[in-house]
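First comes the structure, then the notes that go with it.
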Amino acid sequence: MAKPLAKSVSAQRYAVIGGGWAGCASAMELVRAGHAVTLFEAARTLGGRARKVEREGLVLDNGQHILLGAYTETLRLLKLAGQDPRALILNLPLQMRYPPNSGGMDFIAPRWPAPLHLAWALLRTKGLQRADKLSLMRFSSAMRWMGWQLYNDCSVSELLERFDQTGRLIKLMWRPLCLAALNTPPERASARVFINVLRDSLGASKRSASDMLLPKTDLSSLFPDAAARYVAQHGGAVHTGVKVDALIPLPDGRWQINGDDTYDGAVIATSSAQAATLLQGLQDERSSAVIEQLQAFTPEAISTCYLQYDPSVRLDLPFYALADAPEIGHWGQFVFDRGQLDTSQPGLLAVVVSASSQAAEQGHATLAQAIADQLAQVLAQAALAQPLWTQVITEKRATFACTPNLQRPGNASGIDGLLIAGDYTASEDSAHDYPATIEAAVRSGVQAAAQLSRQK
Ligand SMILES: Cc1cc2nc3c(=O)[nH]c(=O)nc-3n(C[C@H](O)[C@H](O)[C@H](O)COP(=O)(O)OP(=O)(O)OC[C@H]3O[C@@H](n4cnc5c(N)ncnc54)[C@H](O)[C@@H]3O)c2cc1C
């Protein structure tokens, strides 16, 4: 993992292109090291794929997000930006809890030291048979024995088969975990990256790494807006609503942006597709291999369905896992009670569908009604079939499909003074490669800032 930057002796002028979580992290790290930074964000709102949106007079998110205690760099930068995670994030112990009597399981880890918390949780889990529990215990001891490393990558399904995981455990735990973490179904998901996430959460020596963190505020105010304030307080500038479409190398090695100011270097912190477009515009052979890798990612969608009910509607827990069964119209995989996170949103539920291209094909109205019917059935409350209003947000390019042996570029663009950052880049050490997540984006931004500073 990238080390935080030390204070620089020779301050440079840098541009960061893209105000998602990667770009905000880069900009913070660069100003912290004493550089002059300008952050450009094409949209009016900071946050990129983890940002606020305004609908029906409410401030929502473009998608319900869940963070993990293992997101160490994200939590470090949140604090550096002046945010108090304890006030802004609901911290829940590791859990996989289905609504009672819905045919699921009820697994919740006590707040005990690791790995005792998992052993106890497993012992107490309802809805799993002895064979399921034994297969889970075998899996986790095998992973520890292997040092949570897989030399030959394969699909998550193959991995689970190799370790004789029972059908019920796969359905109720491994598949939902894989979808939530990698946004890729187990049949197509990388076992190596899945194990990296498991190692840093379930396998971590600190119990808090496996905690599940739910933002209590909108995603833009949680970090990107605070990062922008930090950048401004440290002499930097943040321009929203400014798309960079002309990035011109100057003969003296500096960069001109949009025909205006010049910079000693830049971090392209856009999505992989947008980074490919910007690099292609340079027509520089040195970045052709990176462009090829950037263009090879395939996108996966995520849909979030918001359902507004009477303010008195409240779930018994802040969130539940749901068993998805598309063949009977049960698309929802997790349901969150937003009213328990944000007091201004009573009666608002958010249902997440990962790897949602098939679900999104149903059309938003049909999908929302199917989800409302699913909630009514599994939560045994007929009234949930009739929300006051619904809003489906489908992000077609939410993440890249995290498939086995995926070739990911590092932060180098191939061209001096120009770095790339985003959730798609490889870590400096492949054991730390993460799926497309907030933590992957933040780590990549921190890593790009460190490399840019080292180049000068
Ligand atoms: C619906 C949904 C649910 C998700 N759930 C989770 C979750 O539960 N947990 C989790 O950890 N992760 C989750 N993710 C993934 C996470 O949101 C992303 O991995 C992360 O936000 C990516 O950040 P980024 O900075 O790499 O890229 P982006 O967020 O894509 O940021 C790139 C930014 O660059 C800007 N830009 C592009 N081109 C230009 C240009 N030419 N000039 C200026 N600006 C430009 C864009 O507008 C954008 O703001 C989810 C994503 C989605 C969409």
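FYI, it's all coordinate maths here, none of it is from the lab. What you are looking at is a predicted structure, and each value in this text was computed from that prediction instead of being measured. Positions of Cβ are backbone-derived with ideal geometry, glycine not excepted, and every protein chain shown enters the neighbour counts.
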### Packing-based exposure ordering (other Cβ within 10 Å, fewest first) of S430, S10, S135, S356
S10, S430, S135, S356
### Summary
Projected convex hull area of region 122-256, Cα atoms, direction-averaged, in nm², equals 14.0
### Task
Would you give the gap between the C-alpha center of region 283-312 and the C-alpha center of region 400-456, rounded to a whole Å?
15
### Task
Return the whole-Å distance between the Cα centroid of region 234-280 and the Cα centroid of region 21-58.
15
### Message
With the crude spin-label approximation of a point 7 Å out along Cα→Cβ, what separation in nm comes out for A87 versus Y151?
### Response
5.2
#### Entry: C-alpha center-to-center spacing [region 152-191, region 326-343] in angstrom
22
### Query
When a footprinting reagent is the concern and you count Cβ atoms within 10 Å, what order do L214, L348 take, fewest first?
L214, L348
### Query
Please report, for the Cα atoms of region 1-144, the Rg to one decimal and the Dmax as a whole number; what are they, in angstrom?
21.2, 64
### Task
Grab the Cα-Cα distance for Q295 and E161, subtract it from 0.36 nm times how many residues apart they are, and report the gain in nm with one decimal.
45.1 nm
### Task
Would you pull out the residues with amide H under 5 Å of V16's amide H, same chain only if 5 or more places away, H placed 1.01 Å from N?
T38, L39, F40, V267
### At most 14 other Cβ within 10 Å, DSSP loop - trypsin sites (Lys or Arg not before Pro), region 61-118
R111
## Note on the structure
At q = 0.10, 0.15, 0.23, 0.27 Å⁻¹, the log10 of I(q)/I(0) for region 35-119 from a Debye sum over equal Cα scatterers comes to -0.45, -0.88, -1.29, -1.34
### Query
How much length is gained if the chain between S102 and L134 is pulled fully straight, taking 0.36 nm per residue apart and subtracting their Cα-Cα distance, in nm to one decimal?
9.2 nm
### Message
For W112, W255, which order do you get if you count the other beta carbons within 10 Å of each Cβ and list the fewest first?
### Response
W112, W255
### Query
Which FRET efficiency value, to the nearest 0.05, do you get for Q358 and A11 by plugging their Cβ-Cβ distance into 1/(1 + (r/R0)^6) with R0 = 60 Å?
0.75
### Task
Can you pull the one-decimal nm distance between simple spin-label points at W120 and S208, each 7 Å off the Cα toward Cβ?
1.8
### Task
Translational diffusion coefficient, Stokes-Einstein: compute it for the chain using the Kirkwood radius over C-alpha pairs as Rh, at 37 °C and 0.692 mPa s, and state it as an integer in µm² s⁻¹.
145
### Query
If you stretched the chain out fully between D310 and R168, how much longer would it get, using 0.36 nm times the residue separation minus the C-alpha to C-alpha distance?
47.6 nm
